[in-house]
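**Student:** Pasting a structure here, questions to come.
The values are calculated or read from the model by the stated rules, or taken from the named source; none is laboratory data. Treat the numbers as computed from the prediction; the structure is a model and nothing was measured. FYI the Cβ positions are ideal-geometry reconstructions off the backbone, even for glycines, and counts take in every protein chain you see. Ligands, DNA and RNA are excluded from the accessible area calculation, which covers all protein heavy atoms including side chains. Shrake-Rupley method; radii C 1.70, N 1.55, O 1.52, S 1.80 Å.
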Amino acid sequence: MRSLIDILDFTTEELDQLISVANDIIANPQKYSEKCKGKKLATLFFEPSTRTRLSFEAAMYELGGNVLGFSEANSSSAAKGESVADTAKTVSCYADIIAMRHPKEGAPYVASLNASIPVINAGDGGHNHPTQTLADLLTIYREKGGFNNLTIGFCGDLKFGRTVHSLINALARYSGIKVVLISPKELMLPGYVKTDVLEKNNISYTETTDLEEVMPQLDILYMTRVQRERFFNEEDYLRLKDSYVLTPDKLNEAKSDLSIMHPLPRVNEISVAIDDDPRACYFKQVLNGKYMRMALILKLLEV
Ligand code: NCD
């Protein structure tokens with residue numbers, strides 16, 4: 001039995017296979033509409049979510065399955081002091097697969113050690129978010145046709161942005177990748193991601209605070225929200241929250257085929273004036289996330 005806790009739990013071939021299943025779902029949705037008949041997905045969300053939870057639910061419904069779960073920690077027995085391990089053992093009695101989001105790094109991993117059904121990490125603290133990476137990979141594949149020889153700029157909160165950590169892990173396996181890290185000094189990419197992922201895989205990377213200076217190089221610009229809930233004090237958040245605001249004038253020097261990505265939710269990082277620019281891909285990511293979660297559920301349930 002497999003779980004998905006870290007994007008590297010899957011080989012490059014397995015990720016390619018998920019992308020091809022997702023593309024087949026897009027082309028032939030009716031072929032998949034009963035594949036998970038009689039199966040149940042439990043969504044255990046101890047942290048707020050719109051896209052991740054609802055796309056998991058939509059994915060399971062579109063496969064003909066059912067969904068149960070909770071969307072806040074306060075409505076579960078966690079509020080009474082139940083451990084993640086006990087919750088995982090309990091839910092294993094009711095469901096066939098779990099998607100769990102938790103504010104503590106490693107909580108979905110602990111759940112996977114105690115559950116008797118597959119567990120999917122739907123975001124653990126400031127650590128990882130592998131299913132957002134699946135959405136991002138399908139988007140890059142559909143926009144760029146592949147993953148080699150791309151220059152990707154990550155901009156914003158690279159310290160706490162878990163989607164950034166997971167996507168860098170996935171992209172580090174391809175060749176000719178260049179990473180440009182754009183953040184305030186206080187929100188730079190954690191050292192362990194630089195040493196264990198970028199340096200270990202000989203990925204060339206640069207760090208800067210200046211988005212406009214690097215804009216002309218980029219094939220992909222991955223914007224992120226400053227992660228308010230992970231700050232120790234509100235003053236720091238208020239000082240840093242508007243470090244980068246992408247407005248149309250900042251795209252003057254950008255490539256004509258730049259892909260602008262964002263895992264969403266957006267707060268103020270991308271002006272709504274950019275939404276109609278053909279280079280804006282963030283709502284495409286939302287839809288791609290549903291297809292990849294469908295492909296993932298099929299894989300983990302071995303349907
Ligand atoms: C992201 C997350 O939860 O990490 N959202 C998402 O799942 N698409 C990004 C964020 O919250 O900023």
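**Student:** Output the 0 to 90 degree angle, nearest 10, between the alpha-carbon long axis of helix 282-300 and the longest principal axis computed from the alpha carbons of the chain.
**Tutor:** Value to nearest ten degrees: 40.
**Student:** Now a separate question. Checking the a/c ratio against 1.5 first, then a/b against b/c, what shape does the Cα gyration tensor give for the chain?
**Tutor:** prolate
**Student:** Summing -39500 (n - 2.57) over the DSSP H runs of n ≥ 4 in the chain and dividing by its residue number, what mean residue ellipticity at 222 nm do you reach, to the nearest 500 deg cm²/dmol?
**Tutor:** On the way: 9 runs with 99 residues, N = 303.
Mean residue ellipticity at 222 nm (helix-derived): -10000 deg cm²/dmol.
**Student:** What ranking, highest mean first, results for peptides 170-182, 207-219, 51-63 when packing means the other Cβ atoms within 10 Å averaged over each residue?
**Tutor:** Per-residue mean Cβ counts within 10 Å order the peptides as 51-63, 170-182, 207-219.
**Student:** Also: Roughly what % antiparallel, to the nearest 5, for the DSSP beta bridges in the chain?
**Tutor:** Just about 5 percent of them are antiparallel.
**Student:** Additional query: With every protein chain in place, what's the accessible area of Ile98 (1.4 Å probe, Å², nearest 10)?
**Tutor:** 0 Å²
**Student:** How big is the charge dipole of segment 130-286 about its Cα centre, in debye rounded to the nearest 20, if each Lys and Arg gets +1 on its Cβ and each Asp and Glu gets -1 on its Cβ?
**Tutor:** Once rounded to the nearest 20, the dipole reads 580 debye.
**Student:** Nearest 20 debye, what's the magnitude of the dipole of the chain about its Cα centre given +1 on Lys and Arg Cβ and -1 on Asp and Glu Cβ?
**Tutor:** 820 debye
**Student:** Work from the charge dipole of segment 130-286 (Cβ charges, +1 for Lys and Arg, -1 for Asp and Glu, about the Cα centre) and give the residue of Gly156, Tyr141, Pro265 farthest towards its positive end.
**Tutor:** Positive-end residue among those listed: Tyr141.
**Student:** Another question, then. Calculated FRET efficiency, Phe283 and Thr195, Cβ-Cβ r, R0 30 Å, to nearest 0.05?
**Tutor:** Computed FRET efficiency for Phe283 and Thr195: 0.30.
**Student:** Can you figure out the FRET efficiency of Glu212 with Cys93, using R₀ = 51 Å and their beta-carbon distance, to the nearest 0.05?
**Tutor:** 0.40
**Student:** Separate question: Tell me, what is the per residue accessible area of the chain in Å², probe radius 1.4 Å? Numbers along the way, then the final one.
**Tutor:** Details: 13040 Å² over 303 residues.
Per residue, the chain has 43 Å² of solvent-accessible surface.
**Student:** Pairing the Cα long axis of helix 162-171 with the longest principal axis of the chain, what angle in degrees results, from 0 to 90 and rounded to the nearest 10?
**Tutor:** Roughly 80 degrees, rounded to the nearest 10.
**Student:** How many percent of DSSP beta bridges within segment 6-158 run antiparallel, rounded to 5?
**Tutor:** Approximately 5 percent, going by the DSSP bridge assignments.
**Student:** Within the P(r) computed for segment 119-168, what percentage of the Cα pairs occupies the region above 16 Å?
**Tutor:** Result for the distance tail: 44 percent.
**Student:** Quick check: from the Cα gyration tensor, does segment 51-189 come out rounded (a/c under 1.5), prolate or oblate? It would help to have the intermediate numbers written out before the result.
**Tutor:** Values: a/c = 2.52, a/b = 1.64, b/c = 1.54.
Judged from the Cα gyration tensor, segment 51-189 comes out prolate (a/c at least 1.5, a/b above b/c).
**Student:** Tell me whether segment 130-286 comes out rounded, prolate or oblate; compute the Cα gyration tensor, take square roots of the eigenvalues as a ≥ b ≥ c, and use a/c under 1.5 as the rounded threshold. If you can, show how the numbers build up before the last one.
**Tutor:** Working: a/c = 1.44, a/b = 1.07, b/c = 1.34.
Taking the square roots of the gyration eigenvalues as a ≥ b ≥ c, segment 130-286 is rounded.
**Student:** Turning to a different aspect of this structure: Rounded to the nearest 0.05, what FRET efficiency is calculated for Glu186 and Lys250 with R0 set to 22 Å and r the Cβ-Cβ distance?
**Tutor:** Numbers: r = 22 Å, r/R0 = 0.98.
That pair, Glu186 with Lys250, gives E of 0.55.
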